[in-house]
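Read the structure below first, then the notes.
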Amino acid sequence: MSSLPNSVRLAWRNLRVNTDPASLVVILGLPAMYLVFMGTMYVSIIPPFSIGGFEFSYASYLIGGILAFESVMAGTMGGSMLWADRRFGMFSQILSLPFTRTQYLGGVILATVAASLAGSLALVAIAIPMGSSIHVSPVGLVSVIGSLILGGIFFCSLMLFVAAKVDSNNAYNSIQIVIIFIVSFVSDAYYPINLRTPLPLRIISYLNPLTYVADGVRAGLVPSSNFFAILNPIETLVLLVETIVMFLVAYRTYANVKINMT
Amino acid sequence: MQIADGKETYSKGGEDSNAQSFAISIENLSHSYDGKKYVISDVSFNVNRGEIFGLLGPNGAGKTTTIKILTTLIQPSKGNVKILGFDLRKDGMKIRRRIGVVQQDSSFDFATVRQNLDLYGFLWGIPKEERTKRSIELIKMFGLEEVANQRAFDLSGGQQRRLQVAREFIHDMDLLFLDEPTVGLDPLMRRRILDLLKEKARKEGLTILFTTHNLEEADYLCDRVAIMDKGRLQALDTVERLKRIYGGTKAIEVILASSVLNSEIPIYDNFFRKLREVQVDVEVSKQPTDSEPAVIVSKHPEKVIEAIISVANEQRVKIEWLNVRKSTLEDVFIEAVAPSGSSEEVSSQGNAKESTTIAKSSTQGGGGTSANS
């Protein structure tokens, strides 16, 4: 472990520090509860529906959205890492060690992506007994992992931007809750967006990267013959562009973070 | 260094050409956070390898900013700095590999004492077996056995400070920066940490730069001290030389009869006014309190004592305590940072009780100190 690259070492430290039981309840427990409660309650009232020629039960539809939502929750963990390190002095302490700011940022993003992937794996284990239909193909796996990585980077960058801008604990938590609420519910993570969706909400959901993360994950969990019928490659491109832009904005803001918050 | 017009200038002859031999070499360092007001102005000094160097000064003197610059956390606005021979502006990573930093603000991971030490060692790339061994040693050395499995955030202030200092010794280093490391520590633990630092410097050649408000510990620990005030260096030398230079003066402690403290007549004020009339070479460096004597510093204590007795007789004031003592670092400190203006200026800063200048000019011309002894 001593010869690990600096960002990997920082990521490992971040995971060790931020995976206490209370944090795990938020990062993993919340999506798991959504999966269990929504999956159980709605599956009995929502009949199976077809997207791109593939017939989804609600449980099968939901798992894609929940895995995507896990990348949002992992992203909040990433923002909290920076915020807590600033608040409790570890940010300046770590920067007085042989690490650069970029390596610190790399450590936060790596930890976020790792948490997102590990959390998703745990959620899949919960979803299968609930009747979610999961097909794994090489292309599908790339799509699932790729979408979760991009989602993790986007939402981590978004939360890092907030963490870099906000000094107050209450403000940070409030903003985080609002972001989670809007991002998760104004998207197709929990229900399909169609022409009957009010136009303003439809526009927001088409701008919302979670929609594309959910579509990428969902497409990866169906038989490969249905893959491109469910996921338009342009969606992946939009997600990629949004992620790059958000990352650059976050990086620029983060680069100006003062050493001491207090 | 010479003293001219109450300000010090530093002779740089030859020392900059060999900056590599110094642990720290600072030349004309200035820093401003907003581009307007300079919190550090034109500071130059060197720290020898293996030396314990104290940076003293009142709040807002620029000590912490200096430490932040020297530890590469912020880039200086102006000046040249070399740390262990490396250029601060170009070689930040190389510098950080060889230094340790105990910052003024507390900093911990949300983990137990043992885990904090382990995580820190992990960040430094120390193999698991080695960091476990060092953690055990440090927990014992810093008296943290009883709280080793408690979360760092649940510890008392003193315990947290101990952990913060202990944590820095989990890795090897050539130069250690400590920003007020003993704040909140009880006297025994303070002494234990100071002794540890001394031992590390003497036996392992560790260079230490630390800031403190506690002048006794600077006196106990430091080979040399620099006194900063308002971003400028006011004095720099060995503690003993500073005491000798500034203390061509001696401190005369006097307590007038306790009853007069409760009197409505400002008896000390009258007393000092009379003293000034007969003896100009005095400075009241500390006003009396219920428990502490007034302190008068003078180059000619025998004349002051004569004057005190004479004035006391004349004023019919009873002297309860009269003592002449050697100059302390505190006297040097007060002398070095005392405003050169009037006592009103001191008063406006809320320090009037601690430093009232009567005849500062007469006590400051007594010689110079060298930037590197």
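The values are calculated or read from the model by the stated rules, or taken from the named source; none is laboratory data. Here the structure is a predicted model, which is why all the values come from computation and not from measurement. Here the Cβ positions follow ideal geometry from the backbone for every residue, glycine too, while neighbour counts run over all protein chains shown. The area values use the complete protein model at the heavy-atom level, side chains included, leaving out ligands, DNA and RNA. Shrake-Rupley method; radii C 1.70, N 1.55, O 1.52, S 1.80 Å.
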Quiz item: What is the distance in Å between the Cα centres of segment B:79-146 and segment A:140-196?
Solution: 35
Self-check item: Electrostatic dipole magnitude of the protein assembly as shown [Cβ: Lys, Arg +1; Asp, Glu -1; Cα centre; debye, to 20]
Solution: 960
Self-check item: When each of B:LYS230/B:LYS274; B:LYS230/B:LYS250; B:LYS63/B:LYS299; A:LYS165/B:LYS230 is checked by Cα-Cα distance, pairs over 28 Å
Solution: B:LYS230/B:LYS274; B:LYS63/B:LYS299; A:LYS165/B:LYS230
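If I take R0 = 25 Å and measure r between the Cβ atoms of A:VAL249 and A:PHE49 in this structure, what FRET efficiency does the formula 1/(1 + (r/R0)^6) give, to the nearest 0.05?
On the way: r = 37 Å, r/R0 = 1.47.
Efficiency at R0 = 25 Å is approximately 0.10.
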Exercise. Just need the relative contact order of segment A:6-255 here, percent rounded to a whole number, with Cα pairs under 8 Å and 6+ apart.
Key: 28
Quiz item: Comparing A:SER23, A:SER133, A:SER50, which has the greatest mean-square fluctuation in the GNM of chain A with Cα pairs linked when under 10 Å apart?
Solution: A:SER50
Quiz item: For helix A:233-255, what angle does its Cα long axis make with the longest principal axis of chain A, in degrees from 0 to 90 and rounded to 10?
Solution: 20
Practice problem: With +1 on each Lys and Arg Cβ and -1 on each Asp and Glu Cβ, and nothing else charged, work out how big the dipole of chain A is about its Cα centre, in Debye to the nearest 20. | Solution: 660
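Structure shown: which of B:LYS82/B:LYS326; A:LYS258/B:LYS37; B:LYS82/B:LYS203 lie over 27 Å apart, alpha-carbon to alpha-carbon? Each step should come with its number before you reach the end.
On the way: B:LYS82/B:LYS326 37 Å; A:LYS258/B:LYS37 18 Å; B:LYS82/B:LYS203 24 Å.
Over 27 Å apart, Cα to Cα: B:LYS82/B:LYS326.
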Exercise. Under a cut-off of 18 Å between alpha-carbon atoms, report the aspartates and glutamates in cross-link reach of B:LYS303, not counting same-chain residues fewer than 8 places apart.
Key: B:GLU253, B:GLU277, B:ASP281, B:GLU283, B:GLU314
Quiz item: Using the alpha-carbon centroid of each, what span in Å lies between segment A:210-225 and segment B:22-36?
Solution: 56
Quiz prompt | Heavy-atom accessible surface that A and B bury in contact, both chains counted, 1.4 Å, Å² to 100 | solution = 2400
Quiz item: Gaussian network model of chain A, Cα springs within a sub-10 Å range: biggest mean-square fluctuation belongs to which of A:ILE234, A:ILE109, A:ILE244?
Solution: A:ILE234
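Taking a ≥ b ≥ c as the square roots of the eigenvalues of the Cα gyration tensor of the protein assembly as shown, is the shape rounded (a/c under 1.5), prolate (a/b larger than b/c) or oblate?
On the way: a/c = 2.93, a/b = 2.62, b/c = 1.12.
The shape class here is prolate.
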Quiz item: What shape does chain A have by the C-alpha gyration tensor, where a ≥ b ≥ c are the square roots of the eigenvalues, rounded means a/c under 1.5, and otherwise prolate means a/b greater than b/c and oblate the rest?
Solution: prolate
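Taking only protein heavy atoms into account and a 1.4 Å probe, give the accessible area per residue of chain A in Å². List each step's numbers first, then the result.
Working: 11190 Å² over 262 residues.
Averaged over the residues of chain A, the accessible area is 43 Å².
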Quiz item: Using the alpha-carbon atoms, what tilt in degrees (0 to 90, nearest 10) does helix A:30-42 show relative to the longest principal axis of chain A?
Solution: 20
Practice problem: Could you pull out every one of the aspartates and glutamates with an alpha carbon less than 19 Å from that of B:LYS36, ignoring same-chain neighbours closer than 8 positions? | Solution: B:ASP229
Quiz item: Taking the simple approach of a point 7 Å from Cα along Cα-to-Cβ for both B:LYS230 and A:SER168, what is their distance in nm?
Solution: 3.7
Quiz item: Quick one: how many Å² of B:ASP87 are accessible to a 1.4 Å probe, rounded to 10?
Solution: 40
Practice problem: Using a 1.4 Å probe over the heavy atoms of the protein chains, calculate the carbon and sulfur portion of the accessible area of segment A:6-255 as a whole percent. | Solution: 74
Quiz item: Straight-line reach from B:LYS133: which lysines have Cα under 19 Å away, leaving out those fewer than 8 places along the same chain?
Solution: B:LYS200
Practice problem: Measure off 7 Å from each Cα along the Cα-to-Cβ vector at A:ASN232 and A:ILE128, then give the distance between these two points in nanometres to one decimal. | Solution: 3.4
Exercise. Provide the per-residue ³J(HN,Hα) series for segment B:25-37, in order, calculated from phi with Karplus coefficients 6.51, -1.76, 1.60 and θ = phi - 60°, each as a whole number of Hz, with x at glycine and proline positions.
Key: 10, 10, 10, 6, 6, 9, 8, 10, 7, 10, x, 10, 9
Self-check item: Nearest 10 degrees, 0 to 90: helix A:138-165 Cα axis against chain A principal axis
Solution: 40
Quiz item: So how far, in whole Å, is the C-alpha centre of segment A:18-54 from the one of segment B:39-63?
Solution: 58
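Sort B:ILE296, A:ILE230 by accessible area with a 1.4 Å probe, largest first.
The residues order as A:ILE230, B:ILE296, largest area first.
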Practice problem: Rank A:TRP12, A:LEU95, A:ALA59 by how far each Cα sits towards the positive end of the charge dipole of segment A:1-141 (+1 on Lys, Arg Cβ; -1 on Asp, Glu Cβ) and give me just the farthest. | Solution: A:LEU95
Quiz item: Within 10 Å of each Cβ of B:95-102, how many other protein chain Cβ atoms are there on average?
Solution: 3
Quiz item: Amide H of B:ASP229: which non-local residues (sequence gap of 5 or more, or other chain) have their own amide H closer than 5 Å, using H built in the peptide plane?
Solution: B:GLN234
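For segment B:119-204, just say rounded, prolate or oblate: build the C-alpha gyration tensor, square-root its eigenvalues into a ≥ b ≥ c, call rounded for a/c under 1.5, and beyond that prolate if a/b exceeds b/c, oblate if not.
Numbers: a/c = 1.69, a/b = 1.08, b/c = 1.56.
Note, shape of segment B:119-204 comes out oblate.
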